[in-house]
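Take this structure first; my questions come after.
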Amino acid sequence: MMSNRTQHRDVQRATPAGALIACPECDLLQQEVRLPPHGVAVCQRCGAELYHNTPNGLDRTLAFTLCGVMLYCLANLFPLLGLELKGNQSTTTLYGAVRALYDQKLEPVAVLVFVTTILVPGLELLCMTYMLLPLRMGKTAHGFRLVFRFVQAIHPWGMVEVFMLGILVSVVKLSNFASVLPGIALWSFAGLMVMIAAVAQSFNPRDLWLFVRARA
């Protein structure tokens, strides 16, 4: 496997000297410069961030992604919530909640919950792993560009945090009628929300493409 130092050298070697970059806010063309670790390049006109240098960002993104995959599996395999009322207990999984919405003739809501909390987060984590794991081993995955564009397209549809907010509101309301027992899946979803945020924070598409260019 590549060391972190080797990865950093590859990215620096692939950085195009004097290449032009357009500001995402005001479209001003400016020359790229090499940044120190944790440095940030800003637009000379409007001050918007152009790009930043995140040391070992790909390694951290891969670690957060793999952790997110494990939490995602736990969140979908174990009970989400348990209710105890007059000695009777019942539990449900995330898929069970989607199925219950569907059985109650709330098909659009069931599809929306399935897509935003099960399908999209799973696809995003799977695609990120597919892209980053081969890069960590010094290879470029087949169809890398298509997978990258696919991740960028589906990312806005992942709404785990919205689902967690809805769960918390439901827990507060249900606690007035029955004893609510948080399941493993609920804690896993909370961790998954944190991991997805960490992936978004550490992921630097510019470094990713520079690294791919260096390995080409």
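The values are calculated or read from the model by the stated rules, or taken from the named source; none is laboratory data. These figures come from a predicted structure and were not determined experimentally. With ideal geometry, Cβ positions are generated from the backbone for all residues, glycine too; neighbour counts draw on all protein chains shown.
Within the stretch 76-102, how many residues are surrounded by fewer than 16 Cβ atoms within 10 Å (Cβ to Cβ), aliphatic (A, V, I, L, M) and free of Cβ contacts under 8 Å to residues at least 60 places away in the same chain?
Selection size over the stretch 76-102: 1.
Here are K173, K105: which of them is over 22 Å from the mean Cα position of the chain (by Cα), surrounded by fewer than 16 Cβ atoms within 10 Å (Cβ to Cβ) and in a helix (DSSP H, G or I)?
Values: K105 fails: in a helix (DSSP H, G or I).
Residue meeting the stated conditions: K173.
Find the residue count for the stretch 67-94, including only residues that are outside any loop (DSSP other than H, G, I, E, B) and at pLDDT 85 or above. Full working, then the answer.
From the stretch 67-94, those outside any loop (DSSP other than H, G, I, E, B) are 67-77, 81-85, 88-92, 94; that's our starting set.
Adding the requirement that they be at pLDDT 85 or above leaves 67-77.
Counting residues in the stretch 67-94 that are outside any loop (DSSP other than H, G, I, E, B) and at pLDDT 85 or above gives 11.
Output the residue which, of all residues in the stretch 186-203 that are out of contact with any Leu (no Cβ under 8 Å at 6 or more places or on another chain) and among the polar types (S, T, N, Q), is nearest to A63 (Cα to Cα).
S202
Can I ask one more? So the check is Cβ under 7 Å with 6+ separation or different chains; which pairs have a first residue in the stretch 113-126 that's among the aromatic types (F, W, Y) and a second one that's buried (at least 18 other Cβ atoms within 10 Å of the Cβ)?
Qualifying pairs under 7 Å: F114/V98.
Follow-up question, since we're still on this one. Only one of these conditions is not met by L146: (1) at pLDDT 90 or above; (2) among the hydrophobic types (A, V, I, L, M, F, W, C); (3) within 21 Å of L192 (Cβ to Cβ). Which number is it?
(3)
Next up: Please work out if F189 is at pLDDT 80 or above and either more than 24 Å from L50 (Cα to Cα) or outside any helix (DSSP H, G or I) (or both). Spell out the reasoning first.
Working: at pLDDT 80 or above: yes; either more than 24 Å from L50 (Cα to Cα) or outside any helix (DSSP H, G or I) (or both): yes.
It is true that F189 is at pLDDT 80 or above and either more than 24 Å from L50 (Cα to Cα) or outside any helix (DSSP H, G or I) (or both).
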